[in-house]
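Scroll down for the structure; my scribbles are underneath it.
The values are calculated or read from the model by the stated rules, or taken from the named source; none is laboratory data. Every value quoted in this text rests on a predicted model; they were computed, and no experiment measured them. Heads up, the Cβs are rebuilt from the backbone with ideal geometry, glycines too, and the neighbour counts pull from every protein chain shown. With ligands, DNA and RNA removed, areas are computed over all heavy atoms of the protein, side chains included. Shrake-Rupley method; radii C 1.70, N 1.55, O 1.52, S 1.80 Å.
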Amino acid sequence: MKGVIFNLFEEVVGRCHGEDTWDALLEAAELTGSYTSLGSYSDDEMGKLVRAASDMLVMPEGEVLRWFGREAMPILAKRYPGFFTAHTSARSFVLSVNRIIHPEVRKIYAGADVPIFDFQGAPDGALLMGYQSARKLCALAEGFIEGSAQYYGERVKFEHLECMHHGHAKCLFRLSFVSGRASIGVAA
Ligand code: HEM
């Protein structure tokens, strides 16, 4: 996993819980924490940090990832405004992740290994979104989607219809975006 994701996690932890908490997480995970944005680090290191955060903040690991993704979005919006200003709604933004955002990410961060998403419109206007990645970070994807809804002043009803953690070949989300601020999650 690219160092930029570790840098983002450090920023989110620091903003919400203070720099000391990040240092404590590194210590608990027995990691040195010198991550450069362009460097590549083992997925296992992220796993250890998420587990340490789960223990320290008394949150399930999935909630840690979801919180991280949600809080990371405004930071990404400041750093990469063009990805966001090209859209006026979260639905259109999310639809661009596979075609535009992540391909660009792969140009900026050599060796980035981004997930595969697929999309289908549901008859009632909801968006069916498939997620495939050996990392099985669907909770992070959920957080990113919630964070993008917040960015556009919307809320999203997130239904996790199928999940790789429950033996499915890929995750399947049903997203319904509406105007407003709160978001509602429905687990698989
Ligand atoms: C709703 C929008 C987005 C979703 C759902 C999403 C989802 C994800 C997920 C779940 C991962 C974890 C890797 C995996 O699952 O295998 C990931 C990786 C990544 N994403 Fe996104 N992402 C979004 C937008 C963005 C944006 C705006 C950026 C900013 C440039 C970005 C940059 C990255 C980077 C750098 C990685 C790490 C790749 C690696 O370590 O090899 N993503 N994304």
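Could you tell me whether Val64 is under 16 Å from the mean Cα position of the chain (by Cα), near the ligand (Cβ under 7 Å from one of its atoms) and aliphatic (A, V, I, L, M)? For Val64, the condition - under 16 Å from the mean Cα position of the chain (by Cα), near the ligand (Cβ under 7 Å from one of its atoms) and aliphatic (A, V, I, L, M) - is not met. How many of the residues making up segment 141-172 are open to solvent by less than 40 Å² (accessible area, probe 1.4 Å), near the ligand (Cβ under 9 Å from one of its atoms) and out of contact with any Lys or Arg (no Cβ under 7 Å at 6 or more places or on another chain)? Of the residues in that region, 3 qualify. The C-beta contact set for segment 127-139 (first residue within 16 Å of Phe68 (Cβ to Cβ), second residue of a type in the set (Lys, Arg), distance under 6 angstrom, 6+ apart or interchain) comprises Ala139/Arg66. Residue count for segment 31-84 satisfying the condition of being free of Cβ contacts under 8 Å to residues at least 24 places away in the same chain and among the hydroxyl-bearing types (Ser, Thr, Tyr): 4. Assess whether Met59 counts as being among the hydrophobic types (A, V, I, L, M, F, W, C) and surrounded by fewer than 19 Cβ atoms within 10 Å (Cβ to Cβ). Taking the combined requirement at face value, the residue satisfies it. Filtered by the rule that a residue be over 21 Å from Gly143 (Cβ atoms) and in a loop (DSSP other than H, G, I, E, B), segment 76-90 gives Ala86, Thr88.
Identify, please: which residue in segment 29-53 is within 11 Å of the ligand (Cβ to nearest atom) and outside any loop (DSSP other than H, G, I, E, B) and is, among those, surrounded by the most Cβ atoms within 10 Å (Cβ to Cβ)? The residue in question is Met46. Against the conditions (1) more than 6 Å from the ligand (Cβ to nearest atom); (2) aromatic (Phe, Trp, Tyr); (3) touching a Ser or Thr at 6+ places or on another chain (Cβ under 9 Å), Tyr131 satisfies every one except (3).
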